[in-house]
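The values are calculated or read from the model by the stated rules, or taken from the named source; none is laboratory data. The model shown is predicted, which means the values in this text are computed figures rather than measured ones. Backbone-built Cβ (ideal geometry, glycine too); neighbour counts: all protein chains shown. Side chains are part of the model used for accessible areas, which takes the heavy atoms of the whole protein and leaves out ligands, DNA and RNA. Shrake-Rupley method; radii C 1.70, N 1.55, O 1.52, S 1.80 Å.
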Amino acid sequence: MTTEVLIDEAAEQAAFGAIIEADSRIEPRDWMPAAYRKTLIRQISQHAHSEIIGMQPEGNWISRAPSLKRKAILMAKVQDEAGHGLYLYSAAQTLGITRDEMTEQLIEGRARYSSIFNYPTPTWADMGAIGWLVDGAAICNQVPLCRASYGPYGRAMVRVCKEESFHQRQGFEILLTLMQGSPAQREMAQDAVNRWYWPSLMMFGPPDDESPNSAQSMAWKIKRFSNDDLRQRFIGMLVPQAEVLGVTLPDPELRWDDEAQRWHTSEIDWTEFHEVLAGRGPMNVERIRNRRNAHDDGAWVREAAAEYARKQNEKAVAA
Ligand code: FAQ
């Protein structure tokens with residue numbers, strides 16, 4: 001490498017550092033370290049895959065929602081998740097990876113998506129628990145991401161968060177309605193909360209001392225808070241809401257520790273988390289199989305769109 005190239009790179013590195021330091025934004029055409037680009041592609045594509053796979057657990061209930069109104073709301077929510085996936089794939093594409101590459105990684109089982117979407121949805125109350133807990137956790141995690149140092153990611157998050165907040169309220173309202181219903185309905189709501197509570201805490205990722213990416217991602221201001229801090233914030237949000245609902249959070253040890261200024265909880269079952277990440281959760285195989293089938297079934301649409309674009313291009317050239 002020549003001295004000139006080294007000086008250029010040092011100048012670019014310094015300019016990048018200054019943008020991060022000033023809490024300003026890195027944009028697609030700006031110089032960025034290769035590792036920053038790689039981390040963003042990893043996180044944004046995993047996030048996009050989560051939104052897309054995340055349509056399946058609730059999609060399972062669209063045809064069985066208990067009323068026309070509930071069905072319309074659930075359809076709108078699931079459609080929003082598709083939209084989130086698309087903004088996020090677009091944000092990742094600005095970093096030099098194609099949508100096809102990301103899709104291939106997902107359907108071949110080489111990409112991660114959130115652990116939470118590998119759990120089944122056997123009852124209607126699961127729609128309430130997903131909205132309240134899963135979208136609630138998503139909001140806690142994603143509001144700080146609106147300030148992520150990479151422009152296209154932070155901007156996508158602003159709209160995503162607005163929609164997630166509607167999602168969380170509709171889930172809360174489903175649970176509230178069930179909790180004001182018959183004993184069987186209250187039991188169904190509590191059972192769903194029991195099943196989703198711990199997996200929703202795992203959504204924030206491994207404990208801080210076992211999170212290999214956190215320190216660097218926080219230094220780059222992609223992540224603004226650690227996994228454990230966000231998990232704590234989430235618990236603090238849930239406790240008063242659980243009281244309003246009249247549900248019990250399934251952790252007998254849960255209490256505010258005044259001395260430590262933290263929520264004291266039972267130990268999270270990290271073995272379960274790692275099993276799900278390794279592809280051995282209750283629904284991993286089905287989730288990827290469905291996604292692969294949908295991709296195969298859509299092949300003719302992609303071919304037709306490509307052919308249409310080719311013809312339009314041909315016409316434009318001829319004109
Ligand atoms: N599941 O070093 P860290 C939604 C992986 S919300 C699976 O701590 P990092 C809305 C991690 O990727 C859900 N994998 O990693 C919705 C890393 O993998 P590597 C999606 C997980 O990145 C609601 C390894 O473990 N939200 O979809 C999980 O600093 C309802 C080591 O972990 C986002 O993706 C997990 N739970 O922090 C949709 C938010 N946790 O390096 C439908 C954006 C960790 O082996 C219905 N992402 N891993 O490739 C983030 O904020 C971060 O990436 C974290 C992980 C916090 C998830």
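The charge dipole of the chain, taken about its Cα centre with unit charges on the Cβ of Lys, Arg, Asp and Glu (plus for the first two, minus for the last two), comes to roughly 1200 debye.
Residue-wise HN-Hα couplings along the stretch 109-116, as the Karplus relation 6.51 cos²θ - 1.76 cosθ + 1.60 with θ = phi - 60° gives them from phi, are x, 9, 10, 8, 9, 4, 3, 4 Hz; Gly and Pro carry x.
The portion of the accessible surface of the stretch 196-319 made up by carbon and sulfur, rounded to a whole percent, is 53 (1.4 Å probe; DNA, RNA and ligands excluded). Taking a ≥ b ≥ c as the square roots of the eigenvalues of the Cα gyration tensor, an a/c ratio of 1.5 or more together with a/b no larger than b/c marks the stretch 161-225 as oblate. Close amide H partners of residue 262, meaning residues 5 or more places away or on another chain with modelled amide H under 5 Å apart, are 257.
Simple point charges give the picture: +1 on the Cβ of Lys and Arg, -1 on the Cβ of Asp and Glu, and for the stretch 192-270 a dipole about the Cα centre of about 500 debye. Taking the charge dipole of the chain about its Cα centre, with +1 at Lys and Arg Cβ atoms and -1 at Asp and Glu Cβ atoms, the residue from 168, 265, 10 reaching farthest to the positive side is 168.
So which lysines can residue 77 reach, going by Cα to Cα under 21 Å and dropping same-chain residues fewer than 8 places off? By straight Cα distance, residue 77 reaches 69, 162. Summarised as an ellipsoid, the stretch 171-279 has semi-axes of 29, 16, 13 Å, derived from the eigenvalues of the Cα gyration tensor scaled by 5 and square-rooted, with the largest first.
Listed by chain and number, the lysines whose alpha-carbon sits under 17 Å from that of residue 315, ignoring those within fewer than 8 places in the same chain, form an empty set.
What the chain shows is 51 Å² of accessible area per residue, with the surface traced by a 1.4 Å probe over protein heavy atoms. Relative protection proxy for 183-191, 114-122, from highest mean packing down: 114-122, 183-191 (other beta-carbon atoms within 10 angstrom). Kirkwood-type hydrodynamic radius, the stretch 227-310: 17.2 Å, calculated from all non-identical alpha-carbon pairs.
Relative to the current alpha-carbon distance between residue 295 and residue 158, full extension at 0.36 nm per residue lengthens the span by 46.5 nm. Would you work out if the stretch 77-157 is rounded, prolate or oblate? Take a ≥ b ≥ c from the square roots of the eigenvalues of the alpha-carbon gyration tensor; rounded if a/c is under 1.5, else prolate when a/b is larger than b/c, oblate otherwise. Cα axes put the stretch 77-157 in the oblate bin.
Largest mean-square fluctuation among 220, 198, 263, in a Gaussian network model of the chain whose springs join Cα atoms under 10 Å apart, belongs to 263. Each principal axis of the Cα cloud of the chain was evaluated for its coordinate range; sorted largest first, these ranges are 73, 57, 33 Å.
For the stretch 96-183, the fraction of 1.4 Å probe accessible surface lying on carbon and sulfur atoms is 55 percent.
In terms of its alpha-carbon gyration tensor, the stretch 5-100 comes out prolate; a/c meets the 1.5 threshold, and the first ratio a/b outweighs b/c.
Seen against the Cα atoms of the chain and their longest principal axis, helix 227-245 is set at about 40 degrees.
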